[in-house]
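Following: one structure in structure tokens, then a few remarks.
The values are calculated or read from the model by the stated rules, or taken from the named source; none is laboratory data. Computed from a predicted model, the values in this text were never measured in an experiment. Here the Cβ is made from the backbone with ideal geometry for all residues, glycine too, and neighbour counts use every protein chain on show. Each accessible area value is taken on the protein alone, full model and side chains, heavy atoms only, with ligands, DNA and RNA left out. Shrake-Rupley method; radii C 1.70, N 1.55, O 1.52, S 1.80 Å.
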Amino acid sequence: MMAMRAAAARTARTSGIYSIRCFSASAARSQVNAWRKPLAAGAAGLAFYSGPCLADGANKDGVPPFTMDAPKYDQSSFYGRLMGMYDYIDPRTLLLTSDDLKKSQAALEEYKKSGKKPEGMSDAEMWQHRKNVEVSIHPVTGDELLKVGRMSAFVPMNVPLCAFMLMANGTPQVLAAQWLNQTYNMVNNYVNRSGATVEWSSLLQSYALAVTASCSIAVGAGRLMKAVPSLQVMGPFVPYLAVISAGTANVSFTRMEEWNGKGVAIVDDEGRELGMSRSAGQMGVLQTVLSRSCFLPIAPMVMPIVGMKMVGSVAPALTVGAAGVVVEILLITGCISGMLPVALALLPQKMEIPVTKLEPEYQNLKDSNGQAITKVFANKGL
């Protein structure tokens, strides 16, 4: 995902794409206006890491009554999904110790047994315990997740990787940066696997594909733009297109079973599983490519250029040399932090699909009341 984004960041840097000469002032203003709403959403999440879009029945603490059966935030709205994602990547949970996690697990276990909160514990504290466990403990194995592979470590881990990519000089360093970046991605994928075990052959094939694609893009795109200077007028869009191509290939390969195999499970309004649908699987893959591979790279690859232009208009010295690298890293870090949850929250995790878009065998089904089933639901995936 972000590995390929950062890969192209290095290409952009070496090709002069991050130069403040890329856009005129008017172009920069138009870019800022175009991104005002997404930036506002991202800034809101960064500022508060919480929000008013909670589930119904919020109490005096500003949180809904605690439950293990529903998420804290209303997942039917974009803002609710956004706040949920900010919770998911909150780096503060990396500071939790094993003892802290055991206390959170004990509080949840007591609630599951009695159906009541432990004595003296507030709803807000229970929601925090649930968050601690869900972001730090594997749901199947019950083991503590490796910290560097947790989603809460995504931003802190990507900062040094971006720095290496921006400062890599020469083909060996560029290739090393891409390899480290893709290796981190593989660790992240393994740590956040859905099952107790992993299909190592598929994981390693995906890893090899990602390394090959990112290294080819980082080296090849830079050489192409040096050979054809006119391509540089495309600004950030050449590496952006390279990134979404590599990201799309990676997502498609790792989820080939959903696209061209069994598909994904679909359920009706009552939660009854109806079977496996390849059509639903293809929709899930396409939506994932749209949000994760197409939209997400825009933030760290296009928005920082607008930011550099704005910085250059008031403090040109901050856009060159070491200061320029630091400013760009800060901008990229802010964009990743603010816009990663925005990209993942754009589309609901639970897809609602009309049966008319599915295979023929799902066209004339009826629910338990004898009513025709007109829509089904499936998990989109991340």
Residue in the stretch 105-140 that is least open to solvent (accessible area, probe 1.4 Å), counting only those that are within 18 Å of D69 (Cβ to Cβ) and hydroxyl-bearing (S, T, Y): Y111
Criterion: more than 21 Å from N192 (Cα to Cα) and at pLDDT 85 or above - qualifying residue of I298, I373: I373
Any hit, the stretch 306-313, residues being closer than 29 Å to P348 by Cα and among the basic types (K, R): no
Test for V306: is it more than 30 Å from P354 (Cβ to Cβ), of a type in the set (A, V, I, L, M, F, W, C) and open to solvent by 30 Å² or more (accessible area, probe 1.4 Å): no
The stretch 236-262, subset surrounded by fewer than 17 Cβ atoms within 10 Å (Cβ to Cβ) and polar (S, T, N, Q), residue modelled with the highest pLDDT: N260
Within the stretch 340-368, tally of residues that are surrounded by 10 or more Cβ atoms within 10 Å (Cβ to Cβ) and part of a loop (DSSP other than H, G, I, E, B): 9
Looking only at the stretch 59-104, and only at residues there that are open to solvent by 60 Å² or more (accessible area, probe 1.4 Å) and among the basic types (K, R), the one that is farthest from E144 (Cα to Cα): K60
Scope the stretch 163-186; condition surrounded by fewer than 21 Cβ atoms within 10 Å (Cβ to Cβ) and more than 17 Å from I329 (Cβ to Cβ); matching residues: G170, T171, P172, L175, A176, W179, T183, M186
A323 vs. criteria free of Cβ contacts under 8 Å to residues at least 24 places away in the same chain, open to solvent by 50 Å² or more (accessible area, probe 1.4 Å) and outside any loop (DSSP other than H, G, I, E, B): no
Complete set of residues in the stretch 142-159 that are surrounded by 15 or more Cβ atoms within 10 Å (Cβ to Cβ) and among the small types (G, A, S): G149, S152, A153
Conditions (1) more than 30 Å from D87 (Cβ to Cβ); (2) of a type outside the set (V, I, T); (3) out of contact with any Cys (no Cβ under 9 Å at 6 or more places or on another chain): number failed by G338: (1)
Residue in the stretch 277-303 that is surrounded by the most Cβ atoms within 10 Å (Cβ to Cβ), counting only those that are outside any helix (DSSP H, G or I) and not small (G, A, S): P297
